[in-house]
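Below you'll find the structure, written out as structure tokens, and then a few comments.
The values are calculated or read from the model by the stated rules, or taken from the named source; none is laboratory data. From a predicted model like this one, the values you see are computed outputs, not experimental measurements. A quick note on method: Cβ atoms are made from the backbone with ideal geometry, for glycine too, and the neighbour counts reach across all protein chains shown.
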Amino acid sequence: MAEFRDLSPCRSISTNDIINLLRISAQQQYNAKERCEMNIIVEQNARVLFEQDYICEIILNTNGELSLSYPCNISVPVVDKWSKVQTSKIQSSVNIRDLFVRSRIARCRSRFVAPVIFVDGKYICRSSTLSSWAEIYSRSSMNRFIGTRNQSVVNPSTIDRTLTIDNDDTFDNVEQPEQRTIYDELRGADIDLLKIFDVGSIVNLMVQKKYTLFGMKLTGSEKFDKYNRYGSFEMILLPYPGCEHFRELVTVKYNAELMFYKWSLPKNDAIPEIPIHLSSCLYTDWSFWRTWNSVELTKNYLQIILHQLETNKCGILIHCLSGWDRTPLFISLLRLSLWADGCIHQSLTVEEILYLTLAYDWYLFGHNLSERL
């Protein structure tokens with residue numbers, strides 16, 4: 001059985017700590033309700049590593065009250081200890097947890113917008129895509145059934161009155177009046193959260209404009225909101241293959257340069273949509289994007305995100321469908337790249353930054369490695 005040790009200030013992460021973390025990740029998916037010794041130690045280690053370079057506000061997600069697949073303690077960095085600016089990025093009057101509560105149902109699987117990287121005074125956030133009407137109703141009903149004290153912004157009775165309405169924007173592209181009110185409230189709370197973290201652009205990694213299951217359109221993204229509620233944000237669409245594509249790594253002997261995604265499949269209707277100020281700065285012919293192998297695709301997308309971060313004064317939200325496969329891949333690559341450039345986590349060693357990204361970006365945010373292997 002893997003041995004886990006808590007991280008005190010007097011000792012650093014070892015290679016064995018990383019190996020043990022990978023072993024337990026391959027055995028189980030993190031669940032905030034499961035307070036086993038291993039989960040507690042991984043959470044403590046991630047927090048200690050974060051706080052070596054940042055003053056953080058810790059948002060409690062006790063027993064998964066906010067989201068079962070988010071850390072029990074969500075670290076929100078508010079001050080970079082290496083920066084000349086030592087005032088908090090978030091005003092003390094802002095109740096971040098309340099914003100999480102109010103907006104959580106707005107996004108798929110309650111994977112709300114969470115800031116995970118703080119660089120040059122800007123947040124890089126992660127989440128899932130927007131919730132469908134069916135999910136909004138089912139999650140609101142479940143909250144009442146279990147008596148959760150984390151109520152959303154929506155009045156449950158308003159949701160009940162819309163139960164018999166079948167044609168919302170998810171199916172017939174029309175929102176009924178009461179449904180529109182609910183969407184206004186939930187997505188309004190989601191937008192409030194984005195503005196608190198000063199997010200200016202949204203990177204969407206989904207390969208479908210609207211996720212479809214058994215011919216039914218279940219959910220879409222901010223760009224396809226029928227009332228353009230997210231019109232003030234710059235949209236960057238970078239369709240990227242999901243976890244099923246990377247199961248082919250074994251067949252190509254783990255050489256991703258030999259992997260090519262089947263963009264011709266009918267379900268893959270999303271195409272890259274990149275602002276001209278970003279696409280023109282890279283010496284890349286984007287008309288050939290469907291011919292790129294997995295390495296080229298990843299590299300070019302990462303360059304787009306990094307350039308947006310470098311040239312824009314606001315933060316970024318990155319999401320895919322559920323936010324636990326493609327999203328952590330790019331969050332992890334960004335964390336490692338920015339660390340290598342000396343922009344973040346300056347005090348961490350190679351082993352420590354690797355442990356942090358595996359623990360926080362992947363395991364504690366609910367990536368199901370055991371199912372993906």
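Okay, here's what the table says:
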item	result
The stretch 38-72, subset in contact with a Cys (Cβ under 7 Å, 6 or more places away or on another chain) and not in a loop (DSSP other than H, G, I, E, B), residue surrounded by the fewest Cβ atoms within 10 Å (Cβ to Cβ)	Thr62
Near pairs, Cβ below 7 angstrom, 6+ apart or cross-chain, from the stretch 260-281 (more than 30 Å from Leu249 (Cα to Cα)) to any residue that is of a type in the set (D, E, K, R) and surrounded by 12 or more Cβ atoms within 10 Å (Cβ to Cβ)	Pro275/Glu234
Scope the stretch 19-36; condition farther than 17 Å from Arg47 by Cβ and either assigned to a helix (DSSP H, G or I) or touching a Ser or Thr at 6+ places or on another chain (Cβ under 8 Å) (or both); matching residues	Ile19, Asn20, Leu22, Arg23, Ile24, Ser25, Ala26, Gln27, Gln28, Gln29, Asn31
Ser110, sole failed condition from (1) crowded, with 17+ Cβ neighbours inside 10 Å; (2) at negative phi; (3) touching a Ser or Thr at 6+ places or on another chain (Cβ under 9 Å)	(2)
Search result, residues across the stretch 88-112 that are in contact with a strand residue (DSSP E or B) (Cβ under 7 Å, 6 or more places away or on another chain) and more than 20 Å from Ser128 (Cβ to Cβ)	Ser88, Lys89, Ile90
Tally, over the stretch 340-351, of residues that are touching a residue at least 12 places away in the same chain (Cβ under 8 Å) and surrounded by fewer than 22 Cβ atoms within 10 Å (Cβ to Cβ)	6
Cross-chain or 6+ apart pairs with Cβ under 7 Å, the stretch 93-110 first and aromatic (Phe, Trp, Tyr), then buried (at least 22 other Cβ atoms within 10 Å of the Cβ)	Phe100/Leu66; Phe100/Phe112
Matching residues in the stretch 103-126 - criterion: being over 18 Å from Asp53 (Cα atoms) and β-branched (Val, Ile, Thr)	Ile105, Val113
Only listed residue being more than 23 Å from Asp361 (Cβ to Cβ), among the acidic types (Asp, Glu) and either surrounded by 20 or more Cβ atoms within 10 Å (Cβ to Cβ) or under 23 Å from the mean Cα position of the chain (by Cα) (or both), chosen from Asp269, Asp325, Asp285	Asp269
One residue from Ile353, Ile344 being over 13 Å from the mean Cα position of the chain (by Cα), at negative phi, of a type in the set (Val, Ile, Thr) and outside any helix (DSSP H, G or I)	Ile344
Counted residues, the stretch 73-89 - those being in a loop (DSSP other than H, G, I, E, B) and touching a Cys at 6+ places or on another chain (Cβ under 7 Å)	0
Scope the stretch 252-266; condition surrounded by fewer than 14 Cβ atoms within 10 Å (Cβ to Cβ) and either under 18 Å from Leu329 (Cβ atoms) or of a type in the set (Val, Ile, Thr) (or both); matching residues	Tyr254, Asn255, Glu257
Residue that is modelled with the highest pLDDT, among those in the stretch 213-243 that are surrounded by fewer than 10 Cβ atoms within 10 Å (Cβ to Cβ) and of a type outside the set (Phe, Trp, Tyr)	Leu213
Identity of the residue in the stretch 176-203, over 22 Å from Leu306 (Cα atoms) and crowded, with 22+ Cβ neighbours inside 10 Å, that ends up modelled with the lowest pLDDT	Gln179
